[in-house]
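The values are calculated or read from the model by the stated rules, or taken from the named source; none is laboratory data. Small disclaimer: the values here were computed from a predicted structure and weren't measured. Neighbour counts are summed over all protein chains in view; Cβ atoms, including those assigned to glycine, are modelled from backbone coordinates with ideal geometry. Keep in mind that these areas ignore ligands, DNA and RNA; they rest on the heavy atoms of the full protein, side chains included. Shrake-Rupley method; radii C 1.70, N 1.55, O 1.52, S 1.80 Å.
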Amino acid sequence: MKYFGGCDVGSTYTKAVILDENGNMVADTTIKSKINSEQSAIAAMDDVLAKVGLKSSKDLEYLIGTGYGRNKVPFADENISEISCHAMGVHVTNPNVKAIIDIGGQDVKGISIDTDGTVKNFAMNDKCAAGTGRFFEAMARSFELSLPEFSKLSLTAKNVIPITAQCTVFAESEVITLVGEGKPMDEIAAGIEMAVAKRCFVMAKKAGATDSITLTGGCAKNDGLKEAIEHVLKLKVVNLKTDPQLMGALGAAEYARQKGLAKK
Amino acid sequence: MKDLKHLIYFENLLQEANNDLVKQAKAEGKRAIGYTCYFMPEVLLDLPGCFSARLRAPRCTSPDIATYYLSGRVCHYARSLMERALEGGYNFLDAQMATETCTATCRFQEHLQQKHLDSVEDMRIIDNDDFFCEFTDIPFKNNENSYQHFETQLRAHVLEPLHEHFGIDISDDAIRQAVEEHNEVCRLINEIGDYRKLDNPTITGYEFHVIQLVSLVCPKYLILPYLRETAEEMKTREPDTRKNFRCKVVLAGSENDDPDFTKLIEGCGALVVCDRFCYGAVESRVPIVLEEGKSPLRCIAEHYLKTSNCPRFMPQDEMRARKKRLADLAKEYNADGVIIASNKFCEYWSYERVIDTFILQRDFGLPVCSIEKEYINSASGQLRTRFQAFVESVEIKHIQEGK
């Protein structure tokens, strides 16, 4: 059996996926990224290779790096932007999905997908990390909650307290002020989710997304955010059967499979 | 490709506004005249006895002090210039020829005109006793009245002050001489730039950007020998046997004097074959034609108003013509798409960029990557992702179209 790999070195998590020649996902892993992208890629690849009994990345037919550390993946045959890889990952998971909101550790992207899984259009935030995974980490820290606890907090809110600042530093100050004023924590959390959802709305619209949208990236697991996005977009977000955080690595592996098979 | 003989020298000239050639010209007794905008005819600042220096603030990091004087919502370019002025980087200037064009650079130059910060005598911005700053009003329309007005403005606020302060010869003969030198620079830059139109270009966008910039920031008579030699060298330069780009793009947008930005784009696989931005060559290197029966000054006034593609011109027909011009450039330079990059808070390009992004795709079928950037780019990781994704989407389109 021939195997094909995709390694998505993100700013917060590194993900790796191995596909067989029929496109079946035979192994995957998600690890916390290290300060050194190459070390992150090595650790993730070692983990995923061991699951299929391979010794080294050299044993793969084709390997593609993606994510912010995409050019640091050892033995990668090439690298492809995470925008293209997320589109392909979602396409092979559910071809009916036509748009993605990808919320990673340091950026937010809106991507619309063509019928063959390639990118039709995309929009991405500039260098500011407002409304990204880093933002949620800072907010959860302000609440003294874990991320999973924080993501569920807003679901119980009866009202939404608007948060005006999206800058991580200013929002943290605003949240601390609101908590100090004795405002309900769940309603503040709902305000935070809504602020980010509105930013996602802009990215999705800029990318030309109209219907059949899904969420990818680590923040896709945030239930409160998902609900807020559904509220602002006025439609139901499609749930993927595969971990949405793996979509970049899966797309990279699928590209590796297509290119590896075409090479012969 | 074999390295261009003078490229490293040119790169070094771009490290400081007061570069080696500027210092040489000053040592020879020439007056250094700064400016920021295309609408200040550089040719008039290159009259015998003085030379033009289009201002840049290379390697500026965080313009904190300038932000106090200008505000955080003024574009990063204007603030970076102000910061560099406060650091003493423009003390070599004998005069600044300011233009009433974009508000941000106007405000920077208003500070130069005041000479002192906070009205404190010791806090001189430009530490040069001879220094003065003069403003020229630039018309918003292309018509007879505008040409007449612009000519009058140039005489009153550029030529006469240069003569009064420094005894510069502002006769028609002196202007003709400056035009002749200016046109040679244009001819050489265009000759070098035309190699970007080849199927496999023998010059990169980065190299051309560097060459175009040195022609703007160095005294013309001193940079000309290097340009002539480079143009000669280009005649026999062989391209790499294997194309090392994945698509070709036109780079359009607001002020851009950062060759590393072009390098970043090219590092993602998009060869920049045309530069339609402030500091680019598309407009600034159109030779000036001196017509019979018109004064040289009048011809110059008309030239700069007629050749500009600046978005400060708002008439509908001109706005439409600018979109078509970009599409025509893409065709002329065999580009596969357009990257439009404007500086954050840019008064004119913030709007133009959004409209261009929409119109070029809808009406001309051109793929467009739209970027809002800062003067010096620190967010290279995110930009790299966007440019790479753009290149990939252009490639896919080619495959789908069977190219």
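Here B:D258 clears all of (1) under 18 Å from B:R384 (Cα atoms); (2) more than 16 Å from the chain's Cα centre (by Cα) except the condition numbered (2).
Among the residues making up the stretch B:351-379, those that are open to solvent by 40 Å² or more (accessible area, probe 1.4 Å), in a helix (DSSP H, G or I) and of a type outside the set (V, I, T) are B:Y351, B:F358, B:Q361, B:R362, B:D363, B:F364. Against the list (1) of a type in the set (A, V, I, L, M, F, W, C); (2) touching a Ser or Thr at 6+ places or on another chain (Cβ under 9 Å); (3) without any contact (Cβ under 8 Å) to a residue 24 or more places away in the chain, the condition B:F387 fails is (3).
For the subset of the stretch A:87-113 comprising residues that are at the interface with chain B (Cβ under 10 Å from one of its Cβ atoms) and open to solvent by less than 10 Å² (accessible area, probe 1.4 Å), which member is nearest to A:M203 (Cα to Cα)? If we take residues in the stretch A:87-113 being at the interface with chain B (Cβ under 10 Å from one of its Cβ atoms) and open to solvent by less than 10 Å² (accessible area, probe 1.4 Å), then A:K109 is nearest to A:M203 (Cα to Cα).
So for the stretch A:113-128 (the condition being part of a helix (DSSP H, G or I) and outside the structural domain of A:V17 (by TED's automatic domain parsing)), does at least one residue qualify? No: the stretch A:113-128 contains no residue that is part of a helix (DSSP H, G or I) and outside the structural domain of A:V17 (by TED's automatic domain parsing). Can you say whether B:C299 is open to solvent by less than 20 Å² (accessible area, probe 1.4 Å), within 12 Å of another protein chain (Cβ to nearest Cβ) and within 22 Å of the chain's Cα centre (by Cα), as far as the supplied structure shows? Taking the combined requirement at face value, the residue does not satisfy it. The set of residues from the stretch B:46-74 being basic (K, R) and crowded, with 22+ Cβ neighbours inside 10 Å comprises B:R54, B:R56. Starting from residues that are small (G, A, S) and in a loop (DSSP other than H, G, I, E, B), keep the ones in the stretch A:53-80 and report whichever is most open to solvent (accessible area, probe 1.4 Å). Step by step, filter the stretch A:53-80, then rank; the result is A:G53.
For the stretch B:1-44, what are the residues that are part of a loop (DSSP other than H, G, I, E, B) and within 22 Å of B:F277 (Cα to Cα)? Break it down into steps so the answer makes sense when it comes.
Of the residues in the stretch B:1-44, the ones part of a loop (DSSP other than H, G, I, E, B) are B:1-6, B:14-19, B:28-30, B:36-41.
Passing the criteria: B:L14, B:Q15, B:E16, B:A17, B:T36, B:C37, B:Y38, B:F39, B:M40, B:P41.
Of the residues A:L233, A:L240, which is on the phi < 0 side of the Ramachandran plot and modelled with pLDDT of 90 or more? Within the list A:L233, A:L240, the selection yields A:L240.
The residues of the stretch B:362-371 that are more than 9 Å from every other protein chain (Cβ to nearest Cβ) and touching a strand residue (DSSP E or B) at 6+ places or on another chain (Cβ under 7 Å), listed by number, are B:L366, B:P367, B:V368, B:C369.
Tell me yes or no: at least one residue of the stretch B:147-164 is out of contact with any strand residue (DSSP E or B) (no Cβ under 9 Å at 6 or more places or on another chain) and basic (K, R). Within the stretch B:147-164 (the criterion being out of contact with any strand residue (DSSP E or B) (no Cβ under 9 Å at 6 or more places or on another chain) and basic (K, R)), the answer is yes, since at least one residue qualifies. Screening B:C278 with (1) more than 16 Å from B:A341 (Cβ to Cβ); (2) of a type outside the set (G, A, S); (3) open to solvent by 10 Å² or more (accessible area, probe 1.4 Å) gives one miss only, at (1). The numbered conditions (1) modelled with pLDDT of 85 or more; (2) away from chain B (no Cβ under 14 Å) are all true for A:D116 except (2). Tallying residues that are in contact with a Lys or Arg (Cβ under 6 Å, 6 or more places away or on another chain) and within 12 Å of another protein chain (Cβ to nearest Cβ) within the stretch A:54-82 yields 1.
Quick grid of which residues meet (1) open to solvent by 20 Å² or more (accessible area, probe 1.4 Å); (2) under 28 Å from B:S71 (Cβ atoms); (3) away from chain A (no Cβ under 12 Å):
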{"site": "B:L305", "(1), (2), (3)": "no, no, yes"}
{"site": "B:Y333", "(1), (2), (3)": "yes, no, yes"}
{"site": "B:Q388", "(1), (2), (3)": "no, no, no"}
{"site": "B:E395", "(1), (2), (3)": "yes, no, no"}
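Residues that are within 18 Å of B:S350 (Cβ to Cβ) and more than 7 Å from every other protein chain (Cβ to nearest Cβ) within the stretch B:372-382 comprise B:K373, B:E374, B:Y375, B:N377, listed in sequence order. Among the conditions (1) part of a strand (DSSP E or B); (2) within 14 Å of the chain's Cα centre (by Cα); (3) not aliphatic (A, V, I, L, M), B:K248 misses just one, which is (2). For the stretch B:339-350, filtered to residues that are of a type in the set (F, W, Y) and open to solvent by less than 50 Å² (accessible area, probe 1.4 Å), the residue that is nearest to the other protein chains (Cβ to nearest Cβ) is B:W349.
Taking B:D328 as the residue in question, decide whether it is away from chain A (no Cβ under 14 Å), crowded, with 19+ Cβ neighbours inside 10 Å and among the acidic types (D, E). Criteria not met by B:D328. Is at least one residue of the stretch B:113-123 open to solvent by less than 10 Å² (accessible area, probe 1.4 Å) and either under 30 Å from B:L290 (Cβ atoms) or not in a helix (DSSP H, G or I) (or both)? There is no residue in the stretch B:113-123 that is open to solvent by less than 10 Å² (accessible area, probe 1.4 Å) and either under 30 Å from B:L290 (Cβ atoms) or not in a helix (DSSP H, G or I) (or both).
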